[in-house]
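These notes concern the structure reproduced below.
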């Protein structure tokens, strides 16, 4: 050991390599090569050729269409008795993988472009025209100040604005929700999936379902877990939410459809599993910007030829359908190989260091211990 | 072998470890360390620093916009001659990554909230008011029973309901499809992709396309595979479907745009590949809830100031554009290292067990065979 | 070495196997088994049981809702002074994960189905009825030729068509954009994410935000990076684009929300990071089909009971919100094991080949070198 380097230098310039035993036996060698060939074929054939097609289209191709059914009657002020069907409360009428059901709303009828006093609050109250800067508006304004201070009601004067008049007053959200009857609405979800790897397609309306079944069935986790018709109230309940509370301010619900298919087994066992969860913030107590709402308008031309609109501030539940798929085919390669002389090779391969030998620095102590053959 | 444990106990308390040959050679050691450094730099630099940015944005960022063109003329009863353009038949007017073209519809004009007799069927026919429970409705109802039994036509009496009247009668689907001319409509698909890893962007309107080309070209897999304007009929045909059959009840089509780019080569070879497939159930024979339709309404105020609506039950084809991207840059590290004394190390590393030696239990039979040096 | 095969044949039939040292020491053996058990428990418990749930729902579940605020006043010809609010310029009124803001438009009022002369260009100009083939139309037509050649204005005659009349004339895009004031509009983005693996939920309205903060705050990368209210102009500017130029012809913008959370640390450090980029083609100079626009119509019944429509060719910006999430929990297992006799085993395991011994073909040169014990 006439090292001219330090130990550190020695360590850095050392090279470890596992010691390999080379066995000259045609039977073993041939088996070895066959196993290598199989692995090579697997790697080239499966991983390179096949998987590439898989990467393109991911694990599933899926399509989702939905159709909501149900009617609600309202006769609350200021509405007369009115009936609402899907064409009225599903907005927009179709979307990819999701649908919105209006459950509550603030209605402002017959809006026309013109001048009207602002709704009274700290910033809009005024005493004279000097308090109202003509042309001013900010990002929360409904319209542009005309510069006049006008009478809002007998008590209060507010700045006049140019806007869609009369203004929407959304200070009070109707409670209970006007269309709370949406709890009983149902939705038919049609979902088709394809596993392009295995050229396998299936839809969530199972083959044993016929037209009359579809007309009457309703999803129930226990009694009818494969009926593709869901009562909105049931879905919200399964997610641990209260429908009538949710209906007041709206929210976002997720409908998760999971297909985990073992295609080795009967394809009739490849069935969807539905779960429901609320996707927006769950802490309902939160008062900072809860729920889900948006505004939309229906436009009309009135008798005078002027464009008017009916403004809805629509609160409701957006349901998002997400499909997850996963199919497997058993691909295990069971490598069994027995050999008469396995014991001999075992002796060659395994070396036994006995506890009792510790301390004995024999000539053979470089890892090869005599008589080790006997131990096996 | 004076074991005090059983064989099982022995086995459980054994420890296997591969035997390692340590080579004290500065040339080999230095090469070893350099290779280790390169691997370390690769792991830290590429996998940790670089890949993190990649994980954030996935493999591609893509945007898709679509514009449908084409007109259709209808003059079937009860419609007068009428022209339909994109603003009429694309509903809603814009969506992310998808568009819907109405190909067939059932039209119910001038619906007003009011009372009218139900359409006659087993459950709605009645003889007296006693057969109609006031206030009753179920999830498939169009309206709420008023409790009266009224004359539907000369022969039949049905329960009266409060609903949007007159009721839609969707018993018969128009065949052939009213807007079957949609087969000749075209859609311009504009798709821009970005591979953020490689800071590479491209759009499917290739750089050699000019305005006049875009005005006249039409996708054709053989003659013009890069024109981004697709005839709806061609896409449906490539998917193996019959457009006129599909148009009657509607369906969902997928337009798959695949970008597989080898950025080592010319970027002009990074081009999109389009494929089309039907996404909803393909077994067209199925009678259980086939096709795709939804209802929407246009709202009007009639002369009397009453809100009326025109209800469409719209059948049509939803086209979903899905973009898959994949870019590669060759990153192979070719490790070639030759060494004069490789033969010597080979001798140290490989040991040869010859078949002929089986049965000979020499002193050296712990896996080290004499003269093995000569065999290599 | 009495080989009857060639060297190649020998090589093919060789079998390499690493040589393994078997240590008979209860302490080492027990530690070995414990480590194996831990690894086994990890593999079965974590990878099989836990990860399976993970595969189903991917790394995050997310919901996004948006609400645009702001008003714009227009009084350009042919419009009178008119005010636009979100219900007017957000089309459609709600979408999943995206929203469209109309920034420019070409308006064609009071279209009625009827006959009118084509807009004059090379192909539509005519001298007599013979130049106009009745019933002809192509994919770019606005209507169907009636076969007559009629006067378009005092100078020009064009073919008459059956169409929605008067025709839209989109030859000139308004510049500057009519609703360029959209630059000052703001959007509230509400995003809730869930990491189902860790049963962790959070929203982008942080817990320290209250109602009055939300009413007044505005996103600013430096001063207020967690305010979920974004000025449209700021987002476009951060993406390196000019809003007023973009507003003229429209485009597609991406709002990327990235949540990279280390749940070992305080959850208050798990915050969203917003980035903005333009998703459609960036080379604004390109004249081939730039920007983003679509057509939609509002339908009316006029005094004569005839259906009319107001056609919009809407140019605008589609904002697509994409959420990326990634949460980690440190799972390192630090395996430290010290053993008194480690030196002895090291001797057994490591064998030292010294440079100086090269060339010496001793009896022991099958990889076992004498005195190696001393070197360690």
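Could you rank the peptides A:301-308, C:132-139, B:253-260 by their average count of other C-beta atoms within 10 Å per residue, with the highest value first? Mind dumping the intermediate values first?
Values: A:301-308: 12.9, C:132-139: 14.5, B:253-260: 20.8.
Per-residue mean Cβ counts within 10 Å order the peptides as B:253-260, C:132-139, A:301-308.
Can you list, shortest first and in nm, the gaps between the label point of residue C:268 and those of its counterparts in the other copies, using a point 7 Å from Cα in the C-beta direction?
Label-point distances to the other copies, shortest first: 5.9, 5.9 nm.
Modelling each spin label as a point 7 Å along the Cα-to-Cβ direction, I'd like the residue A:306/residue A:27 distance in nm, to one decimal.
Distance between label points: 10.4 nm.
Decide, for region B:110-230, between rounded, prolate and oblate: order the square roots of the alpha carbon gyration tensor eigenvalues as a ≥ b ≥ c, take rounded if a/c falls under 1.5, and otherwise choose prolate if a/b is larger than b/c, else oblate. Working shown, then result.
Working: a/c = 5.12, a/b = 3.08, b/c = 1.66.
Prolate is the answer for region B:110-230, as a/c is 1.5 or above and a/b outweighs b/c.
Per-residue Cβ counts within 10 Å, from other chains only, averaged over B:299-312: what number is that?
Taking the mean over all residues of the peptide, I get 4.
List the pair-distance distribution P(r) of region C:139-202, using every Cα-Cα distance, as the percent of pairs falling in each 5 Å bin from 0 up to the bin containing the longest distance, rounded to whole percents.
The calculated distribution, bin by bin, is 4, 10, 11, 12, 8, 7, 7, 8, 7, 7, 7, 5, 3, 3, 2, 0.
Taking residue C:82 in one copy and the same position in all the others, each labelled 7 Å out along Cα→Cβ, what are the pairwise distances from the first, in nm, shortest first?
2.5, 2.5
Looking at region B:254-325, I'd like the Rg to Rh ratio, where Rg is from alpha-carbon atoms and Rh is Kirkwood's inverse mean 1/r.
1.30
Starting from 0.36 nm per residue, how many nanometres of slack lie between residue B:207 and residue B:129 once their C-alpha separation is accounted for?
On the way: separation 78, 0.36 × 78 = 28.08 nm, distance 7.31 nm.
So the chain would gain 20.8 nm between residue B:207 and residue B:129.
Please report, to one decimal in angstroms, the Kirkwood hydrodynamic radius of region B:195-246 built from all distinct Cα-Cα pairs.
Radius from the Kirkwood sum: 13.1 Å.
Hey, what's the Cα Rg ratio for region B:52-191 versus the globular rule of thumb, 2.2 N^0.38 Å?
Working: Rg = 22.7 Å, N = 140, 2.2 N^0.38 = 14.4 Å.
Rounded to two decimals, the normalised Rg is 1.58.
Over all directions, how big on average is the projection of the convex hull of the alpha-carbon atoms in region B:193-307, in square nanometres?
Hull-based average projected area comes out at 13.4 nm².
For residue B:148, go 7 angstrom from Cα along the Cα-to-Cβ vector, then report the distances to that same point in the other copies in nm, smallest first.
4.9, 4.9
Equivalent-ellipsoid semi-axes (√(5λ), Cα gyration tensor) for region C:104-153, whole Å, largest first? Display every interim value, and only then the final one.
Numbers: eigenvalues 89, 30, 28 Å².
Working through the eigenvalues yields semi-axes of 21, 12, 12 Å.
None of the figures in this text is laboratory data; all of them are computed from the coordinates on show. All values derive from a computational prediction rather than experimental measurement. Counting neighbours? That spans all protein chains shown, and the Cβs are built from the backbone with ideal geometry, glycine included.
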